[in-house]
Amino acid sequence: MSKFQPGVLAPVPLHGRYLTFRLKSRVGARKALRALSDLADGDNCVVGLGQSLLRALDCTIPGLHRFPVSTRKGAVVPATPAALWCWLRGAERGVLFHRSRAIQNALAPAFVLDSAIDAFRHGSGRDITGYEDGTENPKGRKAVTAAIASGMGAGLDGSSFVAVQQWVHDLARFDALSTKTQDNSMGRRRRDNFELANAPASAHVKRTAQESFTPEAFLMRRSMPWSDATRAGLVFVAFGRSLSAFEAQLKRMTGGEDGIVDALFRFTQPVTGAYFWCPPLKRGRLDLSALGYSLDG
Ligand code: HEM
């Protein structure tokens, strides 16, 4: 089994920090990625490469393409591509702060930091609305099958694709809903996480029930709540062996299948959306052989 970045399947950490970078200079990009590989072990920092970066390096990763947008009223989904994504994971926010400085410095010859979002674990792994998030994630072998590419060849096996969206919640609007409407929006009872069999078709878990797709659409969700001075929400992060499970789910959430929009959109909306390819590991470092070069030298 090829080595994947362990942070893809590991439990959500206490603290997270998401960095996105844009490419400033093609010339130093390879050297900068080599420097990043010295700092990011796939566990303390999961790394994803965007299509624009791969293009600039004259590389193609089969299966990586543009993030889908939705312009449907009440279910707007934007695409905000980036060259490089780092998900810093840890137990202490100060450590993450200093690690992000080190990464930023290492990448500085070729990349510019575009955004940094601090995220945190809420209780046992809840969205900031209080609902348990991640309950139906696949486990054990099924998690590996859902999230890690295989049978694609050396340099690609062990990799993952990731969909990342920053969602901003309207908590005042959410708080104004009755408990019953809140539970029906999610399709689960917040009090005890009980799945509501009679929830409406717009309920989030009815929209996204992984077994209900053909083929089944299993994902490894590793989302984390975030907040700043005035806003809060969820950084939705879903890893897959390909992007098709995410796309099938997003299509149904936005009403693209049957016109029914996911009830989540009543109180939250995505403000970013991007895809990245997360390379496998080789001898504890990012394996970029699929890009036609090694980081060893
Ligand atoms: C603010 C955005 C979102 C919030 C707050 C949210 C929250 C939740 C919650 C509370 C659950 C139920 C427990 C669980 O199984 O994890 C859930 C399930 C799920 N969500 Fe989301 N979610 C969001 C966005 C998305 C998006 C964008 C997708 C995919 C396009 C997605 C896919 C899923 C899937 C696959 C399940 C499990 C469904 C099942 O098989 O039962 N979610 N989500």
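Quick note: the coordinates plus some simple rules give every number you see, no bench work behind them. All values reported here derive from a predicted model rather than from experimental measurement. Neighbour counts are summed over all protein chains in view; Cβ atoms, including those assigned to glycine, are modelled from backbone coordinates with ideal geometry.
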Seminar exercise, completed: Expressed in angstrom and rounded, the centroid-to-centroid distance over alpha carbons for the range 1-45 and the range 222-297 is 15 Å
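For the range 179-268, divide the Cα radius of gyration by the Kirkwood radius and give the resulting Rg/Rh value with two decimals.
That ratio equals 0.98.
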Exercise. Along each of its three principal axes, how wide is the spread of alpha-carbon positions in the chain, in whole angstrom units, largest first?
Worked result: 59, 42, 35
Exercise. So how compact is the range 20-177: Cα radius of gyration and Dmax in angstrom?
Worked result: 17.8, 53
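Ranked highest first by average number of other Cβ atoms within 10 Å, how do 192-200, 238-246, 105-113 line up?
Values: 192-200: 11.9, 238-246: 21.9, 105-113: 18.3.
Per-residue Cβ counts within 10 Å, averaged per peptide and sorted highest first, yield 238-246, 105-113, 192-200.
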Exercise. Which whole-angstrom value gives the distance between the alpha carbon centres of the range 63-110 and the range 173-211?
Worked result: 29 Å
Exercise. Between V69 and D192, what is the spin-label point distance in nm, taking each point 7 Å from the Cα along the Cα→C-beta axis?
Worked result: 4.6 nm
Exercise. With each label point set 7 Å from Cα along the Cα-Cβ vector, what nm distance links A10 and D175?
Worked result: 3.5 nm
Seminar exercise, completed: Assertion target for Y275, Y131, ordered by fewest C-beta neighbours within 10 angstrom first, is Y131, Y275
Seminar exercise, completed: The long-range amide H neighbours of K282, using H built 1.01 Å from N in the peptide plane and a cut-off of under 5 Å, are D287
For this session: Compute the FRET efficiency between D258 and S150 as 1/(1 + (r/R0)^6), taking r as their Cβ-Cβ distance and R0 = 35 Å, and round to the nearest 0.05.
Result: 0.60
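DSSP loop (so not H, G, I, E, B), at most 15 other Cβ within 10 Å: list which trypsin sites (Lys or Arg not before Pro) in the range 139-169 pass both filters.
Answer by residue number: K139.
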Seminar exercise, completed: The orientation-averaged projected area of the Cα convex hull of the range 25-117, in nm², is 7.5 nm²
Seminar exercise, completed: The answer for the net charge of residues other than S100 whose Cβ lies under 11 angstrom from its Cβ, with Lys and Arg +1 and Asp and Glu -1, is +3
Exercise. Based on Cα positions only, what radius of gyration and what Dmax would you give for the range 126-285, in angstroms?
Worked result: 16.5, 53
For this session: Could you tell me which of the pairs K3/K24; K31/K251; K180/K206; K31/K142 are separated by over 27 angstrom between their Cα atoms in the structure shown?
Result: K3/K24; K31/K251; K31/K142
